Amino acid sequence: MKTKIVATSLAVILIVTCLFTLSACGGSGLFDFIKNMTDNTQTDDDDNDDDNDDDNDDDNDGTVDLLAQSLSFAADSWEIINAVSLSGQAREYYSIGDEKEILVAAEPYIFRIIGFGHDDLAGGTGKAGITLDMTQCMNEIYKYNPTNTNAGGWKECHLRNTDLPYIFKLLPKDLQPIIKTVDKKTVKDGDSSEIEATADKLFLLSTREVLSSGGVVGEGSRYEFFVNGSAKKLRNGIAQSWFLRSPVVSSDSLYGISSSGSLSTNFMANQTNVYLSFAFCV
C-alpha cells in the first residue's frame with residue numbers, strides 16, 4: 001500500500017514539473033521535444049530503408065552484370081550459365097541443341113541443351129532452367145546392375161547409387177555446386193508398372209523423355225531437342241547403343257537406344273556393349 005502511494009506521488013510531481021517547464025518555455029517545449037523525437041525516428045527508418053535498397057540493388061546489379069557478360073553457351077562460364085538459368089530467361093540467351101565441352105575426369109565430352117524449364121526441382125520448388133545431355137557415350141564401361149536384373153528399378157540400381165555419384169565428383173569443381181536436384185519418374189521395376197519418383201543430380205533419360213511412344217506413360221515427357229533431333233550417339237566416333245533408365249515391365253530387361261537411334265526393348269542390365277550417357281540440370 002505504501003509503495004503504491006509513493007509511486008503515485010512521484011508521478012504527480014513529474015507531471016507538475018513538466019507543466020512548470022511548459023509554462024516557463026511559453027508552452028511549446030514539450031511539443032518541440034516530441035516533434036524532434038518523431039523526426040529523428042523517421043530519419044533512422046529512412047536510412048535503414050536506403051541501406052536495404054542499396055543491398056537489393058547490389059544483388060540485382062550482380063545478376064545483371066553476369067547476364068551482360070554472356071557470349072554463348074559454349075564460351076560462358078558456369079557462373080554466367082547459372083545466372084542465366086536462374087533468371088528464367090535462358091531461352092533468350094541460348095538455343096536448344098547448343099553444345100559445350102565438359103571435362104569428366106580430364107576427358108572431354110560434349111553436352112547439349114535438350115530442354116528449358118522442363119524438369120521439376122526436388123521439393124516442388126519450381127523448374128530447373130536448363131537440362132543438358134551428353135551427345136556421346138562414355139568411353140568407360142558402366143553397367144546398370146552387376147547381374148542381369150532390373151529388380152529395384154532405377155531407384156535401387158547400381159548405376160544410380162554407386163557409379164553416377166562417383167562420376168559427379170569427377171565433374172569440374174565450378175560445375176558441381178550449380179547442378180540442381182530434380183525429380184525423375186520411372187517404372188518401379190520389371191514386376192510392376194507403378195511409377196515412383198527419385199531425386200537425382202545425374203540421371204539417365206527415360207523412354208518417354210526421348211521418344212513419343214514406347215515404355216510406360218508417366219515416365220516424364222519428351223525433351224524439346226528430341227522432337228526433331230536424333231537419339232543416335234557415338235563412342236570413339238562409332239554409333240553405339242546406350243541405356244535408358246526405364247525397366248521393361250514383365251521382364252528382366254531394360255529399354256535403351258540402339259546404334260541406329262531407335263528404341264530397343266531387350267538390353268540386359270549387365271550388358272557390356274551398351275554404354276552410359278547421362279544428363280543433368282542447371
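A few remarks follow.
- Solvent-accessible ranking of 162, 131, largest area first, probe 1.4 Å: 162, 131
- Heavy-atom accessible area ranking, 1.4 Å probe, most first, across 134, 268: 268, 134
- With a 1.4 Å probe rolled over the protein heavy atoms of all chains, the accessible area of 118, 158 falls in the order 158, 118, largest first.
- Part-to-part distance (alpha-carbon centres) for the range 236-264 and the range 166-204, which is given in Å: 18
- Solvent-accessible area per residue for the range 121-194 (1.4 angstrom probe, square angstrom): 45
- A 1.4 Å probe run over the protein chains yields, for the range 226-282, 37 Å² of accessible area per residue, whole-number rounding.
The values are calculated or read from the model by the stated rules, or taken from the named source; none is laboratory data. Quick caveat: nothing in here was measured; it's all calculated off a predicted structure. When the accessible area is computed, the model is the full protein with side chains, heavy atoms only, and any ligands, DNA or RNA have been set aside. Shrake-Rupley method; radii C 1.70, N 1.55, O 1.52, S 1.80 Å.
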